1. Take the residues in the range 416-438 that are among the hydroxyl-bearing types (Ser, Thr, Tyr) and more than 17 Å from the chain's Cα centre (by Cα); name whichever of them is surrounded by the most Cβ atoms within 10 Å (Cβ to Cβ).
2. Of the residues in the range 473-498, how many are assigned to a strand (DSSP E or B) and either in contact with a His (Cβ under 7 Å, 6 or more places away or on another chain) or modelled with pLDDT of 85 or more (or both)?
3. Quickly run through the range 349-376 and pick out the residues that are of a type in the set (Val, Ile, Thr) and more than 25 Å from the chain's Cα centre (by Cα).
4. Could you check the range 49-74 and list, in sequence order, the residues that are in contact with a helix residue (DSSP H, G or I) (Cβ under 7 Å, 6 or more places away or on another chain) and either without any contact (Cβ under 8 Å) to a residue 24 or more places away in the chain or of a type outside the set (Phe, Trp, Tyr) (or both)?
5. Looking at Thr199, Thr182, Thr224, Thr192, can you tell me which residue is open to solvent by less than 70 Å² (accessible area, probe 1.4 Å) and out of contact with any strand residue (DSSP E or B) (no Cβ under 7 Å at 6 or more places or on another chain)?
6. Quick test of your reading of the structure: Val296 fulfils all but one of (1) surrounded by fewer than 17 Cβ atoms within 10 Å (Cβ to Cβ); (2) modelled with pLDDT under 75. Name the failing condition by number.
7. Only one of (1) surrounded by 18 or more Cβ atoms within 10 Å (Cβ to Cβ); (2) at pLDDT below 80; (3) of a type in the set (A, V, I, L, M) fails for Ile395. Which number is that?
Amino acid sequence: MSEGAAGFDDALVRAALAAAGAGALAWSLETDVVELSPEAARLLGLAPGAFAGTRAALLALVHDDDRTRAAAELALVARDGAPWASELRIAPPGGAPRWVEVRGALAPEPGSSRLLAIVGAVDDAARLDHSLRRVFEHTPGVAIQVYDGEGRVLAWNPASARLFGFPAEEALGRTLDALIQTPEEAAAFRETLARIAATGTPVGPSEYAFRRRDGARGWCLSTTFAIPGEGGRPRFVCMDVDLTAHRQLEEGLRRAQKLEGIGRLAGGVAHDFNNLLTSVLGHTALAQRLAPPPDVAEHLAAIALAAQHGGELTGQLLAFARRQHLAPQDVDLNAKLVEVDRLLRRVLGEHIELVTRPSPDAPSARVDPGQLSQVLINLALNARDAMPGGGRLTIECGTATLEPDAPARPPEVQPGRYALLVVSDTGAGISEEDRVRLFEPFFTTKQAGAGTGLGLATCYGIVRQHGGHIAIESELGRGTTCRVYLPPGQGPLAPAAPAAPPPAPGRGGETVFVCEDDPSVRRVLVELLATSGFRVEAAARAEELLARVVAHAGPIDLLVTDLVMPGLGGAELAQRVQALRPRVPVLFISGYAEHALARGGRLGPGQDLLAKPFRLDELLRRVRLALDRAPP
């Protein structure tokens, strides 16, 4: 049907539409007939009498990029009676594309099946303003604000509300020192606005830190520029992209790399120091065998005790460096809490209220039980020291899942399900500046002489060596909570095995091959074993010892070898010796056990590990145990 149909013969309506520069459109859902007023036809770029009068003809006028959307909108009108409000590009035959706005609804008569709509032109300025408003409101990843020259907020989009924590109704009309900046930062921001106004040059993109409404620290990548405002006064637009997660990831990686570097240094120092302590303990034991006078014996005992304490210190360094030998097994966390509860009640003092909360749903954890006890005791003693005037210490267990995008999950920690231990106290709390350094060895917030600074570093190393994660939450005056994430157990818990009886004294006289590259340790080993009745063959390098094994015609009852040596390492030496002599047991000795053992870091059949430094009686006990377990 042509334009100018009887549906638009009301003179008042026609006059109002003409005055507004708008036209009218009617579409019958029953007949699919479309009627246009003369003004609507003009807006759509049609010559008089050129419109075919159908919905398909109307859609044919719509630009290709908008036609599918327009058809879908009309389908919603037909199906659901939805109103039609849209901005479309019209591409009339032989004419330039133009924007029009269409707004309409079904006629209000009961049972009506006719859409009545107004068609109006959209000028470039209005279109641009509308488009910018949509960008302002619906750009989720960019926080956009508009300020006046004094730094007062004139506009604040939803992304700004999400980033800074203040909804628009609270932000509008306020300056940034009342929101996210200190007075000094707000003054610097106003100076930046003045510089932009004077030069017309945008500032940025540059990074800056801010405080959210909840006090959390965040980072942005920000660009600020000027736009014309009312009365010739400029307005300033800030566009901020949230970098908080990126910066947290960078800081986490930086801390992990720093701790890894410190760990390598600590492990290397501890390894060399353990060799020295082994020599000291060995020579002391040899001297004690000579039945010295009482005063000399007293001095020798003091030397041995000091060396043992030095060994404990290097053990803590090795725990931090993740270079200890572990014997992981499935551990019942509830039972571990009961065990630690009994121990801690004797050492915490009456001023500390200890609360342990087992969980019926707590899984087992795949850990070395002795190392887990050390973690819990270290954390508990740290909590006690944070509450000199008394307080509550709570230890509980459960499960937790670290999602791939969880903020609490550092990049080096695998996502997934973990067994969870939580140790919390009501103590003094820790500042943010100190919190980022807590796991560094020898760092302590205690007074001089009150601690070595190795407690938390040891916990960190033990947990990370097990493939877990440790996280600390704390604020000054609000106590501290430490969460320890551990790998879950691999199956149902087995009943505890009875303690093995100590090995019976052996017959002596067995042949022991020794490989140790450190000359002082090698000498001590040879003398200790030889004076205990063993026949000893010793070498400084694995290749030399292997040649002696090949040339040796008699029995070889035991191989004692260092793990870390120049050239061929202890693990490979053991593999080659056992290939030649399958029944020879192996006792590894090492200042640290980070290097590959057989079976991907685990001891193989007929193999055991003795950590340096060791006492004479411990060496002889482990040698005898290895010999007695050897197959006949």
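1. Ser424
2. Looking only at that region, the number is 9.
3. Passing the criteria: Ile352, Val355, Thr356.
4. Arg55, Leu59, Val62, Arg67, Ala70, Ala71, Leu74
5. Within the list Thr199, Thr182, Thr224, Thr192, the selection yields Thr182.
6. In the conditions (1) surrounded by fewer than 17 Cβ atoms within 10 Å (Cβ to Cβ); (2) modelled with pLDDT under 75, Val296 misses (2) alone.
7. Checking Ile395 against (1) surrounded by 18 or more Cβ atoms within 10 Å (Cβ to Cβ); (2) at pLDDT below 80; (3) of a type in the set (A, V, I, L, M), the one that fails is (2).
This table checks each residue for (1) of a type in the set (Asp, Glu); (2) outside any helix (DSSP H, G or I).
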{"site": "Ala41", "(1), (2)": "no, no"}
{"site": "Pro48", "(1), (2)": "no, yes"}
{"site": "Leu59", "(1), (2)": "no, no"}
{"site": "Asp65", "(1), (2)": "yes, no"}
{"site": "Thr68", "(1), (2)": "no, no"}
{"site": "Ala72", "(1), (2)": "no, no"}
{"site": "Leu76", "(1), (2)": "no, no"}
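The values are calculated or read from the model by the stated rules, or taken from the named source; none is laboratory data. Just so it is clear, the model here is predicted, and its values are computed rather than measured. Every residue, glycine as well, gets a Cβ built from its backbone with ideal geometry; the counts of neighbours run over all protein chains shown. With ligands, DNA and RNA removed, areas are computed over all heavy atoms of the protein, side chains included. Shrake-Rupley method; radii C 1.70, N 1.55, O 1.52, S 1.80 Å.
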